[in-house]
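Single-structure report; data block below.
The values are calculated or read from the model by the stated rules, or taken from the named source; none is laboratory data. This is a predicted model, so every value here is computed, not measured. No Cβ is skipped: glycine too gets one built from the backbone with ideal geometry, and neighbour counts run over all protein chains shown.
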Amino acid sequence: MSKHIQVSLPVDELPRYWYNILPDLPERLPEPLNEDGRLERLKDILIPQCLMQEYSSERWVKIPEEIWELYIRAGRPRPLHRAVGLEKMLKTPAHLYYKREDLSPTGSHKVNTALAQVYYAAESGFSRVVTETGAGQWGTAVAYAASLMGLRSTIYWVREAYEWKPERRRFMKLYGAEVLASPSDRTEFGRRMLKSDPNHKGTLGIAISEAAEDALKHPDAIYPVGSVLNYVLMHQTIIGLELVKQLEVIGEVPDVMIGCLGGGSNFGGFTLPMIGKVLRREVDKKIRFLAAQSEAAPNLVKGVYQYDFPDTAQILPKIKGYTLTHSFTMPTIWAEGLRYHMASPIISYLKSIGLVEAVAYPKDEKAVFEAARMFIQAEGFLPAPESSYAIRAMIDEAVKAKEKGEEKVIIANVSGHGFLDLEAYSRVLNI
C-alpha cells in the first residue's frame, strides 16, 4: 500500500486545458433570462474573457501560459492522499482517498478561478476587482490574486462571518484588500438593507448584490465571481483533471466521489471531469457523485428546479437551478461558504437527470464537526468547516461499506483547511 499513500504528479503533467462540460451534456443547458436588459448589463459587471467562456462550445479550453505558471507558483499539481489513518480508525474495507486543495497559498480551492479571473481582469485594463465572500475563502483568494497582478481589491464580506473571523480579515488586508462588512454603507443596496435592519447579519446574496452594484457604477472596477457560473466551474476542473490522472497512476476507479456544495464551484471542479467521462461512456463502472450540504441551505435537497435570481437585489439575470428562492432566510452556520440559496446551473441540471445526488446534515453542525475531529486525529490536519461536510459524508459511506463488507473506492475533496476556524470548532465541540 505504501506507494499509494500519496499520489503526486510532476509539474509537467499539470493540465494545459480546462474542461468545459457543456458540449458533453445530453441537451443544451438552460440559458439566463434577459428580462429588463439584465443580460446586457453583465458586460459592465463581469470580466469580458470570462463572459466569452460562459457558453463556449469547446470541450477543452486552453489555459494561458501565464495562468498555467501561476498555478505552479500556487503549488499545483496537488496530491491525492490515501486516508490510511481514517480507514484504520473506521475499520472499513473501503479505500478512502482525499484530494488536498487545502495546500493552496490561501488555504482553499478558490485560488484556481481567482488567478484566472483576476489575470483576465488585469489583461483587460481594469485597476480594481470587487467581489463577495461568505466564509472568507473566496475573498482571500481574490485578494491574493490581485496582489500578484498589481490590482486593488474590494471584498464585501457577509457581516456575521466578518465579525467572527478577525484573523482572516487581517489575512486579506495583508494582501492589500479593502474588506467591508456586508451589508455596508458603500452601496445603495447595502444602505437599504441597513435601514431596514441596522444589525443585519448579511447573506451571500446581499454581498453579491453589493459587489455587482460597485462594479456597475465604477468603470475602473470589474467583478470576479466566486461560484455558480459555468466558467467558474470550468476553471476549477483543474482539480478533477489532476485527479483523473492520479487515479490512472494507481489503477483505481471511484465508486463514490464526494464534495461539499454551496453554489457548486468546489463540487463541480472536483467531479465534472469524471462526470464527463461517464457522459462520453468512457467509464464502465457506475459512479455516484454525492454533494454534501447543510440543512441551513439545502438547495439541491429541498430546492425547486426553476429560474431565480442569483443575488438578493435582482441585479443579475435569472438563471435556472435548484433554489430555495433569493429571498429565503437561511439560519446562521459556521460553514458560511455553504449558506447560499441556489446551486449552479450545471450541477442543478446534472441532478435533474439523476447524475448527481445530495445529502444535507443538521444545521447544529455537531455531526460534521465531529467528523472533522476524527479526521484531524486520523490524518493529522484540520479541514475547513465546509470541507468537514464532505468528510462526514465520506465517513458515512465508509461505514456503509463496512456494514455490507464492500471494498468501495470513496474519494472526497478537502476544499480547504480550518486553521483560521478554530473558534467555530471550539464552540461546537466544546473544546
| note | Given (1) among the aliphatic types (A, V, I, L, M); (2) more than 23 Å from Met257 (Cα to Cα); (3) not in a loop (DSSP other than H, G, I, E, B), Ile333 misses just (3)
| message | With free of Cβ contacts under 8 Å to residues at least 24 places away in the same chain and either touching a Lys or Arg at 6+ places or on another chain (Cβ under 7 Å) or under 30 Å from Ser184 (Cα atoms) (or both) as the only criterion, which of Gly134, Gly107, Gly125, Gly139 stands out? | response | Gly125
| request: For His326, indicate whether it is more than 21 Å from Thr237 (Cβ to Cβ), at pLDDT below 95, in contact with a Gly (Cβ under 7 Å, 6 or more places away or on another chain) and crowded, with 17+ Cβ neighbours inside 10 Å. | output: yes
| query | Which of the strands (runs of 3 or more DSSP E) contained wholly in the stretch 219-326 include at least 2 residues that are among the hydroxyl-bearing types (Ser, Thr, Tyr)? | reply | 304-308, 319-323
| task | Take the residues in the stretch 1-39 that are closer than 30 Å to Pro317 by Cα and among the polar types (S, T, N, Q), then tell me which one is surrounded by the most Cβ atoms within 10 Å (Cβ to Cβ). | result | Asn20
| query | Somewhere in the stretch 353-366, is a residue surrounded by 22 or more Cβ atoms within 10 Å (Cβ to Cβ) and either touching a Cys at 6+ places or on another chain (Cβ under 7 Å) or within 30 Å of Arg38 (Cβ to Cβ) (or both)? | reply | yes
| Selection from the stretch 271-282 of residues that are touching a residue at least 40 places away in the same chain (Cβ under 8 Å) and buried (at least 16 other Cβ atoms within 10 Å of the Cβ) | Thr271, Leu272, Pro273, Ile275, Gly276, Val278, Leu279
| remark: Only one of (1) within 19 Å of Phe270 (Cβ to Cβ); (2) modelled with pLDDT of 95 or more does not apply to Tyr340, and that is (2)
| query | Which residues, taken from the stretch 146-158, are assigned to a strand (DSSP E or B) and either touching a residue at least 40 places away in the same chain (Cβ under 8 Å) or not assigned by TED's automatic domain parsing to the domain that holds Gly134 (or both)? | reply | Thr154, Tyr156, Trp157, Val158
| remark: For the stretch 161-186, the count of residues that are polar (S, T, N, Q) and crowded, with 24+ Cβ neighbours inside 10 Å equals 1
| said: Show me the helices (runs of 4 or more DSSP H) found entirely inside the stretch 350-431 where at least 3 residues are touching a strand residue (DSSP E or B) at 6+ places or on another chain (Cβ under 8 Å) and not basic (Lys, Arg). | reply: 366-379, 385-404
| task | Hey, could you check the stretch 283-314 for residues that are within 17 Å of Val409 (Cβ to Cβ) and either exposed (fewer than 15 other Cβ atoms within 10 Å of the Cβ) or not assigned by TED's automatic domain parsing to the domain that holds Gly354 (or both) and say which is modelled with the lowest pLDDT? | result | Asp284
